[in-house]
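The values are calculated or read from the model by the stated rules, or taken from the named source; none is laboratory data. None of the values given here were measured: they were computed from a predicted structure. Positions of Cβ are generated from backbone atoms using ideal geometry, with glycine treated the same way; all protein chains shown enter the neighbour counts.
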Amino acid sequence: MLRHLVSIDDLSLAEIRDLFAHADRFSADPRGFADTCRGMIAASLFFEPSTRTRLSFESAMLRLGGGVITAAELASSSATKGESLADTVRVVGGTYADVIVLRHPSEGAARLAELYSPIPVINAGDGSHEHPTQTLCDLYNLHVERGHIEGLDVVLAGDLKYSRTVHSFAYALARFGANIVCVPQTGFEMPEYVVQRMREEFGVEPVRADARRLGSLASQSDAVYLTPQKPHQLSLFTDARGWEVENVDAVYMTRPQTERFEAEDRPVDNYLRLEKRSMAAESLRDAVVMHPLPRRDEISSEIDSDPRSIYFKQAARGVPIRMAILAMLMGKIEAGAGERVPAKDSHPVHVGPNPCPNPTCISRTEPRHVTPRFTLAARSPMRAHCAYCSRELRFRFVGCSTTRHFHEPDSTALRKVRPDHLVFLSDAAAAEALAFEPAAGVRAASECPDSEVARG
Amino acid sequence: MLRHLVSIDDLSLAEIRDLFAHADRFSADPRGFADTCRGMIAASLFFEPSTRTRLSFESAMLRLGGGVITAAELASSSATKGESLADTVRVVGGTYADVIVLRHPSEGAARLAELYSPIPVINAGDGSHEHPTQTLCDLYNLHVERGHIEGLDVVLAGDLKYSRTVHSFAYALARFGANIVCVPQTGFEMPEYVVQRMREEFGVEPVRADARRLGSLASQSDAVYLTPQKPHQLSLFTDARGWEVENVDAVYMTRPQTERFEAEDRPVDNYLRLEKRSMAAESLRDAVVMHPLPRRDEISSEIDSDPRSIYFKQAARGVPIRMAILAMLMGKIEAGAGERVPAKDSHPVHVGPNPCPNPTCISRTEPRHVTPRFTLAARSPMRAHCAYCSRELRFRFVGCSTTRHFHEPDSTALRKVRPDHLVFLSDAAAAEALAFEPAAGVRAASECPDSEVARG
Amino acid sequence: MLRHLVSIDDLSLAEIRDLFAHADRFSADPRGFADTCRGMIAASLFFEPSTRTRLSFESAMLRLGGGVITAAELASSSATKGESLADTVRVVGGTYADVIVLRHPSEGAARLAELYSPIPVINAGDGSHEHPTQTLCDLYNLHVERGHIEGLDVVLAGDLKYSRTVHSFAYALARFGANIVCVPQTGFEMPEYVVQRMREEFGVEPVRADARRLGSLASQSDAVYLTPQKPHQLSLFTDARGWEVENVDAVYMTRPQTERFEAEDRPVDNYLRLEKRSMAAESLRDAVVMHPLPRRDEISSEIDSDPRSIYFKQAARGVPIRMAILAMLMGKIEAGAGERVPAKDSHPVHVGPNPCPNPTCISRTEPRHVTPRFTLAARSPMRAHCAYCSRELRFRFVGCSTTRHFHEPDSTALRKVRPDHLVFLSDAAAAEALAFEPAAGVRAASECPDSEVARG
């Protein structure tokens, strides 16, 4: 069966653990696997530059004995002749290559590519959405340095608002049962939707943290402790000052994601900085220091030679873990035998406009040859996500394309509608425009002044 | 003997058929030939971006076990230090590589490269001139899908005016004895010089076509039927409505070549479009749909899953056919043993200015280290082509560099002049400037008022 | 032990001779060494484009059976996320690759990279500083064409002022004991600091040359003869007209380095040109013609087919010599067994501002994560060079960071100061600012009006 890697969620925990074991082998003898993928070709399709990620993948493929074809600056050239992404992956996936490594500025690009590609697609970053091999690499580093992930105490520090890397890492830590201490730059706290997803999917609860033992690193910040343990368990341990941070296993530092700042964000004057002084804190005695790189000034070069600083090793380990992913997707190694993550069902939007509200979603930036799709998150009240960029859809009503009736999102009638027949409607006027009639009990058709006007 | 592939005409029919047979082998087991060119290197020299073509060649070379060095954006970098193309191919052809894949915006660039390169040169597109591996790929698709090419009825649809691909394909079809139904976008008809070359070289005759059975595709267009059969044979079959289009074997759709439009061309509003409805025409029941890609909107995605749509397969087959070409030019496989296409004799222009009228010919865009050259098309009246870009030279008189006399183009005296001694003169003034005297019987010297003035 | 190639001086003469022998083997059978570096990877890190150099290295690595990962346009992409060179080489040197080929616009970049990289670094050009593989290639050509280098008479012609290539070549020729005839374009004479270094390091003496036998090439120029022979030996041979140029072994022509011209330089109207006429000079009868390429018009294409013109062969030989370098640095071949060039001791500048006066030195263009360093050239008077770009430091006083005293550069007290404790001070005010006191006998503190003011 054709496998892809679009999100870290596409891999089961068993598969991830097996990938780690393979990466260990590759790491022990990086030049010893030059026949594993002999005769195979990876296509690096980079629609935005990311030299480090590209080189890491290309090195991994070469170390496996495969070949690489590279399009490092696709945006400019393909734009000229205006080919759709769906067409590009169908062509490149034809005979050109055996695996596609895709980097794209639009969220959901890899998910779209996966639908069209005849060969495995690896997401090497799609806008601010996912970058699963970076997350795998981060987890793999904890695995190598600590031997396990469950139960570790990991500090996430710096820009916790905009860093895609840190969100993906946080979900993955929660999934593996690690605890997180958030030490955000003021104004760059972990967004509520991230915490909520962690709560919903992994039972994670945030607690106030007492971070005095973290020393100067946490002095400006209100630390929060996120743990997959149940709230009543937590209450046994936490006193009025909050959960006490004792021995940290890893500090994961991030740079300010200036390029993603929104209009209201100001340049950061006083960004957190790891230096000799901050690393002297008692609780960090055994903590490894991680950073997804590139760093700017948030880690002082004075701790580069500190044995706890593993950020360069961390980057280096990106090669063996990517070797493992490549080899697995090309069927050259086994991982998580028997265990497979079932793909989420996604359904096409045949009627009405694209309900995805994300302007940089691939379903909006590249509508040609592409049908908008969604996944259902809940039936009552109905909630759905864009199948490409995972953003929650916004709608006021839901219609059925067979009955041509529309309903309130919490209507029990919706439970019987087949997903393919669901139509997401922004308001009553939109329903009118598509000639949908209000179902019995729909309040809006008569009550909503907007739709009155639209009718009048 | 060193072989190059600059034009499809450089290959005999027997060689092409053998290349198809090799491509069949490569296609059946794309990863099974990884030792064929081990130790060899292809240099991708792209003076304008063409990612798809480049990746296709590089994949082919890697599949053969060879290596690739790539200069994907040569224009910008080499321009800085201003190296001539002749020098670049001499350097890269030194020890850097074993074959050069050249893409260049100037017509005739590959022909020039061939003159200087110590290793085989493959033309991967030279301006609007030739792109022989695309043509080979198109022919190969017909061969795979239909088993033969001779006698097929192939519809060429869309922009038949500016599409280089379509002109080359048309010549090749005629050479193989296939029939062509032209269904042009209005205003983008096949140019007369293309039809004339088909007439002169392959005895092709254009006939009015009755395209009613082609359905909506041909509804806006005056179809023309081009067939390598003799006119008197045709008259037996054609009634007043024209040759009846019955069962089409292939529809070859092209996009509007907007980037080549001339000043008088308007944006196309109502471009031909292949969609479900048009593919329902009776005569297209068994027709495969081809497109050189990238497509824009001229093929609706609604027919992507139609089994007759082979355009993605068509692109994929570019790899095995390019493997065949690369392997042949590097001497790793045999093709058309015994049969060789004799290279056209070309002669240097030592005296006077460059007679090529094409401003984007490589002999004009890059005059350094390059001697203009020509091939003789006819002796009486004398006609000649630029040996680089194939454009017909424009001249009023022809001189002999030994006698310093000049003649009318239809003078019998010219038959005795050695080609190296021919001098093409735009008018009598040009002859004067080079100190040529009119031969006996030249009307112009006395009759042309311009030259009088020049003398006076 | 980890070796790098940052400067040609990093190689002993014995090592260079052994590299030549290996290059001879590679040259004789370029496709016969495809297993030498199997499983190894070279990373091409080009912070400015140089297609020819890059392709030459990549070809060499592929010919050795290794793989290549390429970042051809690093400047633009990395700049976005602002990574320091020190970090880049630590990451890429982690597991990505086994050797780094580095091109950078700042002088000293490769020297900096060498300090941080866990794998060998090859300097493929750092600003106007060094390009050691070009020099090796030039020497290798003399070795191949002449069988030896010592005692050869080599004409260096054209822009001897700005051409980095020509300076490096000149040092190397002197080191090997060859004689140089400088035939500069007027206004582009060999700079005095180059001649001085040749005098200091290799005992080279410049003599006026009688270049009449050089013919038209030298007609506009005052030729100078540089020879490693002792002055008293020279006086035996030189008459009033200067040293007579007899049989030249090689003419090394260079293009005007327009891109390095300074404000006062004018476009060159009448640049030297090698053509049939100039090559007819008696003394050039057996001279090979060399050029580092790309050429513009300084070598006429009319001599391209002259057997003495070896510039295309010269470029081609860049591949086998680079194969030798790559294989040596990756430990696959032995060179100069036993003989090693001791690395120059370099010392960090911990106190005060960076004393390097070169604004395009890497220590200035990229100060993050980098400590300025220097090498000591002489103790009394003290002279020192920037350890990165080799530029001589400018200072008025030298302090000791332990005693906090500062001294005149010729003070005997300085001889006892440990190099790590040396502090270079631009003037007395700078010394004040760092709270240094004048040592006994320092004139400036009281005598220098500037420092008076600064104190007052």
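Against the test of being of a type in the set (D, E), modelled with pLDDT of 95 or more and in contact with a Phe, Trp or Tyr (Cβ under 8 Å, 6 or more places away or on another chain), the options C:D138, C:D153, C:D98 yield a single qualifying residue, C:D138.
For (1) in contact with a Phe, Trp or Tyr (Cβ under 8 Å, 6 or more places away or on another chain); (2) buried (at least 24 other Cβ atoms within 10 Å of the Cβ); (3) under 30 Å from A:D345 (Cβ atoms), each residue gets a yes or a no:
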| residue | (1), (2), (3) |
| --- | --- |
| A:A14 | no, no, yes |
| A:A23 | yes, yes, no |
| A:S27 | no, no, no |
| A:L45 | no, yes, yes |
| A:G108 | yes, yes, yes |
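The single condition among (1) in contact with a strand residue (DSSP E or B) (Cβ under 7 Å, 6 or more places away or on another chain); (2) within 14 Å of chain A (Cβ to nearest Cβ) that C:H347 does not satisfy is (2). Contact map, the stretch A:373-386: residues that are within 13 Å of A:R415 (Cα to Cα) and free of Cβ contacts under 8 Å to residues at least 40 places away in the same chain paired with residues that are surrounded by fewer than 18 Cβ atoms within 10 Å (Cβ to Cβ) and among the small types (G, A, S), Cβ distance under 9 Å, separation 6+ or inter-chain. Pairs shown: A:R383/A:A377.
The conditions of being among the hydrophobic types (A, V, I, L, M, F, W, C), more than 18 Å from the chain's Cα centre (by Cα) and outside the structural domain of A:F47 (by TED's automatic domain parsing) are met by A:F397. Annotation: of all residues in the stretch A:1-16 being over 23 Å from A:S59 (Cβ atoms) and either part of a loop (DSSP other than H, G, I, E, B) or within 14 Å of chain C (Cβ to nearest Cβ) (or both), the one that is nearest to the chain's Cα centre (by Cα) is A:S7.
Just give me the residues in the stretch A:196-224 being under 25 Å from A:E15 (Cα atoms) and not in a loop (DSSP other than H, G, I, E, B), in sequence order. A:R197, A:M198, A:R199, A:E200, A:E201, A:F202, listed by residue number.
Criterion applied to A:P294, A:P228, A:P256, A:P267 was being not hydroxyl-bearing (S, T, Y) and not assigned by TED's automatic domain parsing to the domain that holds A:S163, and the one residue passing it is A:P294. When C:E83, C:E107 are checked against the criterion of being of a type outside the set (A, V, I, L, M) and within 13 Å of chain A (Cβ to nearest Cβ), a single residue qualifies: C:E83. The residue of the stretch C:64-80 that is surrounded by the fewest Cβ atoms within 10 Å (Cβ to Cβ), among those that are modelled with pLDDT of 90 or more and facing another protein chain (nearest Cβ under 7 Å), is C:A71.
When residues of the stretch B:356-366 are filtered for being assigned to a loop (DSSP other than H, G, I, E, B) and under 19 Å from the mean Cα position of the chain (by Cα), how many remain? Please lay out each step first, then the result.
Our first condition is that a residue be assigned to a loop (DSSP other than H, G, I, E, B); within the stretch B:356-366, this holds for B:356-360, B:366.
The next check asks that each one be under 19 Å from the mean Cα position of the chain (by Cα); those that pass are B:356-360.
Count: 5.
Kindly provide the set of residues from the stretch C:274-302 that are assigned to a helix (DSSP H, G or I) and either away from chain B (no Cβ under 12 Å) or of a type in the set (D, E, K, R) (or both), ordered by number. If the condition is that a residue be assigned to a helix (DSSP H, G or I) and either away from chain B (no Cβ under 12 Å) or of a type in the set (D, E, K, R) (or both), then C:K276, C:R277, C:S278, C:M279, C:E282, C:S283, C:L284, C:E302 are the ones that fit.
Select from the stretch B:353-372 the residues that are of a type in the set (S, T, N, Q) and within 18 Å of B:P105 (Cα to Cα) and write down the one among them that is surrounded by the most Cβ atoms within 10 Å (Cβ to Cβ). Outline the logic, then answer.
So in the stretch B:353-372, the residues of a type in the set (S, T, N, Q) come out as B:354, B:358, B:360, B:363, B:365, B:371.
Keeping just the survivors that are within 18 Å of B:P105 (Cα to Cα) gives B:358, B:360, B:363, B:365.
Values: B:N358: 23, B:T360: 16, B:S363: 27, B:T365: 18.
Checking each candidate, the answer is B:S363.
If we scan the stretch C:17-36, do we find a residue that is closer than 19 Å to C:P320 by Cβ, within 14 Å of chain A (Cβ to nearest Cβ) and part of a strand (DSSP E or B)? Explain how you work it out, then say what you get.
So in the stretch C:17-36, the residues closer than 19 Å to C:P320 by Cβ come out as C:17-36.
If we keep only those that are within 14 Å of chain A (Cβ to nearest Cβ) too, we end up with C:34-36.
Subset that is part of a strand (DSSP E or B): none.
No.
I'd like the full set of residues that are in a loop (DSSP other than H, G, I, E, B) and surrounded by fewer than 22 Cβ atoms within 10 Å (Cβ to Cβ), limited to the stretch A:143-160. Break it down stepwise before answering.
As a first pass, look at the stretch A:143-160 and keep what is in a loop (DSSP other than H, G, I, E, B): A:147-152, A:159-160.
Selection gives A:G147, A:H148, A:E150, A:G151, A:L152.
Report yes if A:E262 is under 30 Å from A:G127 (Cβ atoms), buried (at least 18 other Cβ atoms within 10 Å of the Cβ) and of a type outside the set (A, V, I, L, M, F, W, C), otherwise no. When the stated conditions are applied, A:E262 does not pass them.
Selection of the stretch C:330-343 for residues being at negative phi and exposed (fewer than 15 other Cβ atoms within 10 Å of the Cβ) yields C:E334, C:A337, C:E339, C:R340, C:P342, C:A343. Number of residues in the stretch A:22-41 that are under 25 Å from B:M61 (Cα atoms) and free of Cβ contacts under 8 Å to residues at least 12 places away in the same chain: the value is 1.
Scoring B:T95 on the criteria (1) among the polar types (S, T, N, Q); (2) touching a strand residue (DSSP E or B) at 6+ places or on another chain (Cβ under 8 Å); (3) within 11 Å of chain C (Cβ to nearest Cβ) leaves a single failure, condition (2).
Here C:P342 fulfils each of the conditions (1) more than 26 Å from the chain's Cα centre (by Cα); (2) away from chain B (no Cβ under 14 Å); (3) not small (G, A, S) apart from (1).
The residues of the stretch B:380-398 that are in contact with a Lys or Arg (Cβ under 8 Å, 6 or more places away or on another chain), part of a strand (DSSP E or B) and surrounded by 21 or more Cβ atoms within 10 Å (Cβ to Cβ) amount to a single one, B:C386.
For the stretch A:303-355: of the residues being of a type in the set (K, R) and not in a helix (DSSP H, G or I), which is farthest from A:D420 (Cα to Cα)? Of everything passing the filter in the stretch A:303-355, A:R308 is farthest from A:D420 (Cα to Cα). Within this structure, A:Q229 passes the test of being in a loop (DSSP other than H, G, I, E, B) and modelled with pLDDT under 90. Of the residues making up the stretch C:43-56, those that are at the interface with another protein chain (Cβ under 9 Å from one of its Cβ atoms), in contact with a helix residue (DSSP H, G or I) (Cβ under 7 Å, 6 or more places away or on another chain) and within 27 Å of C:G32 (Cβ to Cβ) are C:A43, C:T51, C:R52, C:L55, C:S56. Answer yes or no: is there a residue in the stretch A:116-124 that is within 13 Å of chain B (Cβ to nearest Cβ), within 18 Å of B:T53 (Cβ to Cβ) and not acidic (D, E). No - not one qualifying residue is present in the stretch A:116-124.
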